[in-house]
1. Based on Cβ point charges of +1 for Lys and Arg and -1 for Asp and Glu, what charge dipole magnitude is obtained for the range 109-186 about its Cα centre, in debye rounded to the nearest 20?
2. Can you tell me the order of 152-161, 56-65, 11-20 when each peptide is scored by its average per-residue count of other Cβ atoms within 10 angstrom, highest first?
3. Mind checking Rg over Rh on the chain, alpha carbons, Kirkwood formula for Rh?
4. Just order 32-38, 298-304, 318-324 by mean Cβ neighbour count inside 10 Å, highest at the front, would you?
5. Please work out how much length the chain gains when fully extended from E21 to M1, using 0.36 nm per residue of separation minus the C-alpha to C-alpha distance, in nm with one decimal.
6. Among the trypsin sites (Lys or Arg not before Pro) in the range 296-344, which ones are in a DSSP loop with at most 14 other Cβ atoms within 10 Å of the Cβ? Mind listing them?
7. Based on C-alpha coordinates, I'd like the Rg and Dmax of the range 69-177, in Å.
8. Give, rounded to the nearest 20 debye, the magnitude of the charge dipole that the range 216-344 has about its Cα centre when Lys and Arg contribute +1 at Cβ and Asp and Glu contribute -1 at Cβ.
Amino acid sequence: MIKLPKGLQDIRAMTKAEMLELLLCEEYGYLPPAPRSVRYETVSRDDRFCAGKASLIRLRVTCETEQGSFSFPVAYTRPRKLPEPMPCFIHINFRDLVPDSYQPSEELVDGGVAVLSFCYKDVTSDDGDFGTGLAGVVYPDGRTEPTQCGKIGLWAWAAMRVMDIAQTMPELDPARICVAGHSRLGKTALLTGALDERFHCAFSNDSGCSGASLSRGKHEKAETIRTIYERFPYWFCENYAKYVDREDEAPFDQHMLLAANAPHKVYVASAEEDLWADPVNEYLSCVAASACFEAQGMTGFVHPDREPQVNDAFHEGNIGYHLRPGTHYFSRMDWQMYLKFLKI
């Protein structure tokens, strides 16, 4: 029988705005405002990609913000013979490679989807330097206030700018554009989806602590707020430090991040041996978030009354989940599950 951690908040009566206010003020920080304009240009094009089944188009996206201009590269993999408009993934990746070990391009093309991908470090560096890339534009003195966002918020901001350009591409179906990421970028995908209702689904792959996994009730091998904040404080706002070793006192938990993705879909993927990310607490977060979807008249998380087992896949509700064999990795099996959930 499933038991949620003691003291976990009941979110059925909470609004999305209330949950986001807590998450932004106390964990991720408030993002910069949307830019005044977003445009893109084609840098290169290869119509023979994947044996001619797809085009690989290199783009340059430019955002005009109040503080100045910022540009970053985006790779666009577009099936050539798919009926239009087609579904699309916005993939926040660790590298700019296409294909990549985390992005099996030919399989995704064969699966019937386009992909707009970018390397997170092309937005801003993954360290405490707030003078690089986008951070240097929106924080010109290289410093943040206690409630201003860290790097996760800036990567999410960039993903929303890719969504801006995706909405202008007539070959893409604006109602079937999803965001996906792995590990720290799975956290980013969940925040992106929570803040931007244009997405059809947010896919979180092994996002763990401060992502999909509940902070309360951690087992001894799982990452905690202390361990993540001591190593990566720059991912979050400064306020998050208040909850080191005080998870039970926090006025929020990660099921709110999943619930804030309503009214669109959200998906959590776990790996059996990825104990650091805590698959059980990722699953329990889905269970706890379900009440918010149900309160809005939607199907939430459809699951058996037990903890997850390897090779479980639950795809019937607006919250999807699977637990695959193996370790911390963004695998082909994960992508295949995502395609099944979308019924493509």
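Here, each number is a calculation from the coordinates, and none is a lab measurement. These figures come from a predicted structure and were not determined experimentally. Neighbour counts are summed over all protein chains in view; Cβ atoms, including those assigned to glycine, are modelled from backbone coordinates with ideal geometry.
1. 120
2. On the way: 152-161: 25.8, 56-65: 17.6, 11-20: 15.4.
Ranked by mean Cβ neighbours within 10 Å, highest first: 152-161, 56-65, 11-20.
3. Ratio of gyration radius to Kirkwood radius for the chain: 0.95.
4. On the way: 32-38: 14.9, 298-304: 16.7, 318-324: 24.6.
Top to bottom by mean Cβ count within 10 Å: 318-324, 298-304, 32-38.
5. 3.9 nm
6. Passing sites in the range 296-344 are R306, K343.
7. Cα-based Rg and Dmax for the range 69-177 come out at 15.6, 49 Å.
8. Dipole of the range 216-344, to the nearest 20 debye: 440 debye.
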